[in-house]
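Rule-based calculations on the coordinates, nothing more; no lab input. Everything quoted here is computed from the prediction, not taken from an experiment. Cβ sites come from the backbone with ideal geometry, for glycine too, and all protein chains shown count toward neighbours.
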Amino acid sequence: MTFLRIKKIKSNEYGYVVENTWTSKGPRQEVKQYLGRVYRFEGKGDSALNLKGNKRELLMELIKFELNKVNKELAKEKINFDWEKLKFIKNDKSCVLALNEGLMCSYTLARILGFKKTREIEQDSVVLAKYFIEAGLAVPKEAFIAFFERL
């Protein structure tokens, strides 16, 4: 099972996708993917949500909803968001935003967008909710339902 991990090196934090593996010496973490440097922000404010469109358009709206809360801090740090690649960039390098107890990056956003619904609606809703939380998206109930219906 893979999960997200933040590693502190000197005074900076970096995001990784890791997986636990067992060796003769016990459990070890194997890095599967480097996500980039982590920048922490505390969102303030609120904006209206447009719940129309397909699942990609709705995800873009949810991302805008969160980024509107930290626009000034993003501009100050010179962090840009590539809307086509769902990727945060600073100085031509990928980076990660730590928001709402989650990590918003290309990996977590692509995982939401690529989520496929099965016949187990209850289990699917729990997994999708977990993906939203891990991506740092504080999704209102009506927006979650609207997104789930578009799957």
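Structure notes:
- When the GluC sites (Glu not before Pro) in the stretch 1-94 are filtered for DSSP coil states and for at most 14 other beta-carbon atoms within 10 Å of their beta-carbon, the remaining sites are Glu42, Glu84.
- Residues with amide H under 5 Å from that of Leu103, placed H, sequence gap 5 or more: Ala135, Gly136
- Each eigenvalue of the Cα gyration tensor of the chain, multiplied by 5 and square-rooted, gives one semi-axis; in descending order these are 26, 23, 12 Å.
- Net charge of neighbours whose Cβ lies under 12 Å from the Cβ of Glu57, counting Lys and Arg as +1 and Asp and Glu as -1: +4
- Across the stretch 39-149, C-alpha contacts under 8 Å between residues 6 or more apart give a mean separation that, scaled by the residue count, equals a relative contact order of 26 percent.
- For Lys8, Lys116, order by how many other beta-carbon atoms lie within 10 Å, fewest first: Lys116, Lys8
- Electrostatic tally near Lys85: other residues with Cβ closer than 15 Å to its Cβ, Lys and Arg +1, Asp and Glu -1, net +2.
- Sorted by Cβ neighbour density within 10 Å, fewest at the top, the residues Val31, Val96: Val31, Val96
- Cα-based reach from Lys130 at 19 Å (exclusive), listing lysines while leaving out same-chain residues under 8 positions away: Lys55, Lys116, Lys117, Lys141
- The chain: most fluctuating residue of Asn91, Asn54, Asn71 per GNM, C-alpha cutoff 10 Å: Asn91
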